[in-house]
Amino acid sequence: MSKQKYDIVDVAEEIVGFGYSVSVFACKYFYQVSNLEALSNSMDAYIADRFKQRLEYFVFEHKQLTDKEKKDFYQDLSSNKQNLNYLYDFIEKARTTTYEYHVEILAKLSVKLIKNKGLNYYDDVILSYLNNFNDEDLNIFFSAIIASSFLDPTTKLKDKYRVINNEWMELEDDKEIRYFVLRKFENANFIEDLQYKENQVIFKCNNTTYQFIDLMCID
């Protein structure tokens, strides 16, 4: 008996009955199996269980979307190869990545993809550079953002500059690692003009910084 082939148009129609589930779409179209159980049978038990858990990130984040937003997106995929590539990349990277933080970020990016029917330039930058950062890098970067505040706009540095408070600077873990991590983010253009002065760290925010902060719901 020949293996059933799932066509993208048919799958887009079928998933209506599953609440436009990204998991069902991925199984049927990307992996050409009928459901998660069938997909699990083709994988090692640990890998299958991990993948199921990671798909739950997407299911959770997609609760923010309306049925109309999801319907319009999936129906458009047969003619929008770029968005299909994005969605496949999100799911496949989530399946294979070592890092849980990557999965969370990919799931959040997928919401923006579906809601806006595409990614903007800065979302694309985040996706392109994500593999450069491990979970510790991301934790340190987000902790730096949370620990920082805008410089007084009356200073010679404009209000796009943030300064990290002394408490964060005086943490007992390795300062060299934190400096190295921030330099990585500067090299990837997530921040600019990184400076160390008088036991302070100062950096300039740019559009990628703001998109990343907004994506992760950090004030």
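The values are calculated or read from the model by the stated rules, or taken from the named source; none is laboratory data. This one's a predicted model, so the numbers in the text were calculated from it and none came from an experiment. As a convention, Cβ positions derive from the backbone with ideal geometry for all residues, glycine included, and neighbour counts pool all protein chains shown. Note: areas computed on protein heavy atoms with side chains; ligands, DNA, RNA excluded. Shrake-Rupley method; radii C 1.70, N 1.55, O 1.52, S 1.80 Å.
Would you point out the residue of the range 192-203, among those that are without any contact (Cβ under 8 Å) to a residue 24 or more places away in the chain, in a strand (DSSP E or B) and not aliphatic (A, V, I, L, M), that is least open to solvent (accessible area, probe 1.4 Å)? Break it down into steps so the answer makes sense when it comes.
Taking the range 192-203 as the starting set, the residues that turn out to be without any contact (Cβ under 8 Å) to a residue 24 or more places away in the chain are 192, 194-198.
Filter again for in a strand (DSSP E or B), leaving 192, 194-197.
Pick out the ones that are also not aliphatic (A, V, I, L, M) and you get 192, 195-197.
Numbers: Glu192: 61, Gln195: 33, Tyr196: 91, Lys197: 90 Å².
So the residue we want is Gln195.
Condition first: in contact with a helix residue (DSSP H, G or I) (Cβ under 9 Å, 6 or more places away or on another chain), of a type in the set (Ser, Thr, Tyr) and either farther than 22 Å from Ile105 by Cα or free of Cβ contacts under 8 Å to residues at least 60 places away in the same chain (or both). Now tell me which residues in the range 67-82 satisfy that.
Ser78 - this is the single residue of the range 67-82 that is in contact with a helix residue (DSSP H, G or I) (Cβ under 9 Å, 6 or more places away or on another chain), of a type in the set (Ser, Thr, Tyr) and either farther than 22 Å from Ile105 by Cα or free of Cβ contacts under 8 Å to residues at least 60 places away in the same chain (or both).
Go through (1) touching a Gly at 6+ places or on another chain (Cβ under 9 Å); (2) at pLDDT below 85 and name the single condition Tyr6 misses.
It fails just one condition, (1).
Taking the range 94-123 as the region of interest, how many residues are closer than 20 Å to Ile8 by Cβ and open to solvent by 50 Å² or more (accessible area, probe 1.4 Å)?
Count: 2.
What number of residues within the range 166-191 satisfy the criterion of being open to solvent by less than 60 Å² (accessible area, probe 1.4 Å) and either more than 27 Å from the chain's Cα centre (by Cα) or modelled with pLDDT of 75 or more (or both)?
The first filter runs over the range 166-191 and keeps only residues open to solvent by less than 60 Å² (accessible area, probe 1.4 Å), leaving 168-169, 178, 181-182, 184-186, 188, 190-191.
Add one more test, that the residue is either more than 27 Å from the chain's Cα centre (by Cα) or modelled with pLDDT of 75 or more (or both), and what stays is 169, 178, 181-182, 184-186, 188, 190-191.
Of the residues in the range 166-191, 10 are open to solvent by less than 60 Å² (accessible area, probe 1.4 Å) and either more than 27 Å from the chain's Cα centre (by Cα) or modelled with pLDDT of 75 or more (or both).
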